[in-house]
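S.K.: If you scroll down you'll find the structure; I have some questions about it.
Each reported figure results from applying straightforward, stated rules to the coordinates on display, with no laboratory input. Note that the structure is a prediction, hence the values are computed from the model and not measured. Every residue, glycine as well, gets a Cβ built from its backbone with ideal geometry; the counts of neighbours run over all protein chains shown.
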């Protein structure tokens, strides 16, 4: 548990999201050290959405990034990222917004995912109109069944793309997000089985002299694909880490870097306390007992949560006063960050200022 000066905590309104600078830097360095080829690291910024964190990554020599929204793509360009993959299915309005970014930020290379001919045709028309081919990656479905084409469809899609003047083929993208087994050995077996056909296709393309790359994403399988120097690695959660991944994937030695500061606002009866941490302040897609963990209240039982309130039962109730501060670790940090306009930066145990989560919104307004 991080030691943060009481004066810093007292100066901050709650609820808020605290980020420990030293832990972020250590997590970035650890991710780099896990790579066979550090230049192949392409972190996903959906976890943090923050220019300060992007700057820390660039300072460590990271040049490639992945994102999920147009706003995140623009934020990366604003911070000087050289290679930006928008890893989300596009529609007509988003295509227009993406090509505007390509025009506005010529020093950044933008690309996107495709998994159907309808989208490819729209992108091709835009690329021809702009006289600038749009870079695309084939999104591959190896079992997630969310987006992506089947491996067997790749040759036909590649032949189709190769005939288009407004499209530039970059390679393949695979997000094996269905592989979440906590046991390391079982997870490795699942990943190898899910990826082996796709990796064979990739090697076949390389052997045929086709210039292409292969990106694999997701944090649970990061220890496996990071060891292949032929692949680009695209984890995201490692930046802040969270209580869920800390429990499920202990073999990954990332440290929790983000905490929720909350305060006791009421003691409604002899064994209950109420904190100002409703589901507007912490990701609530998981069961009530799996949303936030309080290290200083390990016995806490979650009674109820509403928009602005979290009611707990704890044995240390007699020692708790209204106004007391508590630090909680989110179970799922990515959607929790999206609930906050900014982070509060902590360095050497002291608050050093705020940093806006600029890509939290769907648009960045200038």
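S.K.: Can you tell me the 0 to 90 degree angle between the C-alpha axis of helix 21-33 and the longest principal axis of the chain, rounded to 10?
M.R.: The two axes meet at around 40 degrees.
S.K.: So for 274, 221, fewest C-beta neighbours within 10 Å to most, what's the order? Could you put the intermediate results ahead of the total?
M.R.: Numbers: 274 21, 221 27.
In order of increasing Cβ crowding within 10 Å: 274, 221.
S.K.: Between the helical axis of 117-130 and the dominant principal axis of the chain, each derived from Cα atoms, what acute angle in degrees is found, rounded to the nearest 10?
M.R.: For helix 117-130, the angle is close to 80 degrees.
S.K.: In the calculated pair distance distribution of the stretch 203-320, what percentage of Cα-Cα distances lie above 24 Å? Don't skip to the answer; put the middle values down first.
M.R.: Working: 3190 of 6903 pairs.
Roughly 46 percent, once rounded to a whole number.
S.K.: With all distinct Cα pairs included, what does the Kirkwood hydrodynamic radius of the stretch 93-134 come out to in Å, to one decimal, could you say?
M.R.: Value: 10.6 Å, from the Cα pair sum.
S.K.: Sort all Cα-Cα distances of the stretch 57-160 into consecutive 10 angstrom bins from zero, then give the percent of pairs in each bin up to the one containing the longest distance.
M.R.: All Cα pairs, binned at 10 Å, distribute as 14, 45, 31, 9, 0 percent.
S.K.: I would also like to ask the following. If only Cα atoms are counted, what is the Rg of the stretch 288-366, and what is its Dmax, in Å?
M.R.: 15.6, 51
S.K.: Oh, and also: Among 83, 299, what is the fewest-to-most ranking by other Cβ atoms within 10 Å?
M.R.: 299, 83
S.K.: Specify which labelled value, from [x] 56, 49, 37; [y] 77, 61, 49; [z] 73, 48, 34, agrees with Cα extents along the principal axes in Å derived from the coordinates of the model shown.
M.R.: [z]
S.K.: Would you mind computing, in nm to one decimal, how far apart the modelled labels at residue 341 and residue 26 are, each placed 7 Å from Cα along Cα→Cβ?
M.R.: Taking the two extended label points, one gets 3.2 nm.
S.K.: Could you tell me how far the Cα centroid of the stretch 115-163 sits from the Cα centroid of the stretch 35-56, in Å?
M.R.: Measuring centre to centre over Cα atoms gives 25 Å.
S.K.: Quick check: pseudo-label points 7 Å beyond the Cα along Cα→Cβ at residue 121 and residue 7, how many nm apart are they?
M.R.: So the two model labels end up 6.7 nm from each other.
S.K.: If I build a Gaussian network model for the chain, linking alpha-carbon pairs within less than 10 angstrom, which residue out of 229, 335, 268 has the largest mean-square fluctuation?
M.R.: 268
S.K.: Dimensions of the stretch 22-237 along principal axes (Cα, Å, largest first)?
M.R.: Principal extents (Cα only, largest first): 48, 40, 30 Å.
S.K.: Please report the spacing between the Cα centers of the stretch 242-304 and the stretch 184-238 in Å, no decimals.
M.R.: Cα centroid to Cα centroid, the span is 34 Å.
S.K.: Here's another thing I want to ask about it. Please work out whether the stretch 1-83 counts as rounded, prolate or oblate from its C-alpha gyration tensor, where a ≥ b ≥ c are the square roots of the eigenvalues and a/c under 1.5 means rounded, while otherwise a/b larger than b/c means prolate and anything else oblate?
M.R.: Oblate shape, in that a/c is at least 1.5 and b/c is the bigger or equal ratio.
S.K.: Using alpha carbon centroids, what distance separates the stretch 308-366 and the stretch 13-32, in Å?
M.R.: 12 Å
S.K.: Between the helical axis of 92-104 and the dominant principal axis of the chain, each derived from Cα atoms, what acute angle in degrees is found, rounded to the nearest 10?
M.R.: 90 degrees
S.K.: Run lengths n ≥ 4 of DSSP H only: what is the helix-derived mean residue ellipticity at 222 nm for the chain, with -39500 (n - 2.57) per run over all residues, to the nearest 500?
M.R.: Using -39500 (n - 2.57) per qualifying helix, the result is -9000 deg cm²/dmol.
S.K.: Looking only at the stretch 38-67, which residues have a backbone nitrogen under 16 Å from a spot 7 Å from the Cα of residue 104 in the C-beta direction?
M.R.: The answer is 51, whose backbone nitrogens lie closer than 16 Å to the label point.
S.K.: Want the number for residue 185 to residue 58: 0.36 nm per residue separation, take away the alpha-carbon distance, what's left?
M.R.: Computed gain between residue 185 and residue 58 is 42.4 nm.
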